[in-house]
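The values are calculated or read from the model by the stated rules, or taken from the named source; none is laboratory data. The model shown is predicted, which means the values in this text are computed figures rather than measured ones. Cβ: placed from backbone, ideal geometry, glycine included. Neighbour counts: every protein chain shown.
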Amino acid sequence: MLTIGYIGNGKSTNRYHLPFVLQRENIKVKTIYRRNPDRDSWEAHPSIHYTTNLTEIMNDAEIQLIVVNTAVESHFEYAKMALEHNKHVLVEKPFMLTKEEAEEIFALAKEKGLIAQCYQNRRYDSDFLTAKKVLESGKLGDLLEVEMHYDYFRPETPESTHTFTYYHSYLYGHGTHTIDQVISYFGKPDHIHYDVRQLLGTGRMNDYFDLDFYYDKLKVSVKSSFFRLVQRPSFVLYGKKGVFVKQTEDRQEEHLKLFYMPHHANFGIDLPQHYGTLTYMDEQGVYHEEKVVSEVGDYGRVYDDIYNAIINGADKQIKDEQTLLAMEILEQGIKQCK
């Protein structure tokens, strides 16, 4: 049994963690630290103990893993505190404010023989898993270009924001999802072209980014905007022999926002209208166009991974060097914001 304590009782904990963790029989959520219980907007779970005493969660010998689900400004403080109390730590993304902070946390974890890891649940998005399945089928031939889009139409968000803070930027908040997907599959690029913007003007919110990752002749593009009334496809894969287009994104977040939870058999499952289309020429020059049944996504697989690492001594699936590279890319990108 892996016993967990949470720091933070907001949307992250209650929407993106607990619905998956509470399904797992080999994991126990014992305690949640909430600083301001009078401001709680989420229903308490009867099986979980809630506390306003941070020392209680840090000194509980039964708790092996502390999950940090607070504002990014406090990630370093809480992660370091957990490690100093001999707890493993899982931290929401973006992992830290800077690469330097991340390096210090990983060094401390290594020194104490503990695990520190970023919660990169989007590795287990259905659309990403499906795109990987198509790539590995070989039907596209040599891969030439990948486009990944993460779009919104929420103009009210940037229009109501009149200050700029790098760690509250669109790149830090959302680029951290897709950048990790790129790194996890393709590795470290040869070089990156950054186009990070404040479309409403200097000093306003970062509301757009377009990053091109180059791997020899392959280009992988990550594009996001707050001003897309019609969303671009989630994934487009171009190969020498064909193309795959996945229009719709993973549906787990859609269902979670509707409080349609993972215990439902069809949670997050794509319907046929959500399937991507693979078009290619085979070795005999015959044209094919087919729907690709989507893979099943599951954010909770991050917890399966960290359970195996802590309890069974397995290798971490979200590597320290991957998280450090992602932090470096975020820092470099936001420096070029214009």
* Structure fact -> Within the range 36-70, residues assigned to a loop (DSSP other than H, G, I, E, B), of a type outside the set (S, T, N, Q) and surrounded by 12 or more Cβ atoms within 10 Å (Cβ to Cβ) come out as Asp40, Trp42, Ala44, His45, Ile48, Asp60, Ile63
* Asked: Does the range 293-313 include one or more residues that are part of a loop (DSSP other than H, G, I, E, B), under 19 Å from the mean Cα position of the chain (by Cα), of a type in the set (Lys, Arg) and within 28 Å of Ile192 (Cβ to Cβ)?
  -> no
* Structure fact -> Taking first residues from the range 197-222 that are more than 11 Å from Lys338 (Cβ to Cβ) and assigned by TED's automatic domain parsing to the domain that holds Gln181 and second residues anywhere that are assigned to a loop (DSSP other than H, G, I, E, B) and among the β-branched types (Val, Ile, Thr), the pairs with Cβ under 7 Å that are 6 or more apart or on different chains are Arg204/Thr161; Met205/Thr161
* Asked: Going by the conditions given, is Leu144 farther than 21 Å from Gln231 by Cβ, part of a strand (DSSP E or B), among the hydrophobic types (A, V, I, L, M, F, W, C) and touching a strand residue (DSSP E or B) at 6+ places or on another chain (Cβ under 8 Å)?
  -> yes
* Residue check: is Tyr124 closer than 22 Å to Leu90 by Cα and of a type in the set (Ser, Thr, Tyr)? -> yes
* Structure fact -> Among the residues of the range 266-300, the number that are under 27 Å from Gln120 (Cβ atoms) and surrounded by 14 or more Cβ atoms within 10 Å (Cβ to Cβ) is 16
* Asked: Does Tyr185 satisfy being assigned by TED's automatic domain parsing to the domain that holds Lys217, in a helix (DSSP H, G or I) and either more than 22 Å from the chain's Cα centre (by Cα) or not polar (S, T, N, Q) (or both)?
  -> yes
* Could you please let me know if Asn86 is within 30 Å of Gly268 (Cα to Cα), loosely packed, with under 15 Cβ neighbours inside 10 Å, in contact with a helix residue (DSSP H, G or I) (Cβ under 7 Å, 6 or more places away or on another chain) and modelled with pLDDT of 95 or more? => no
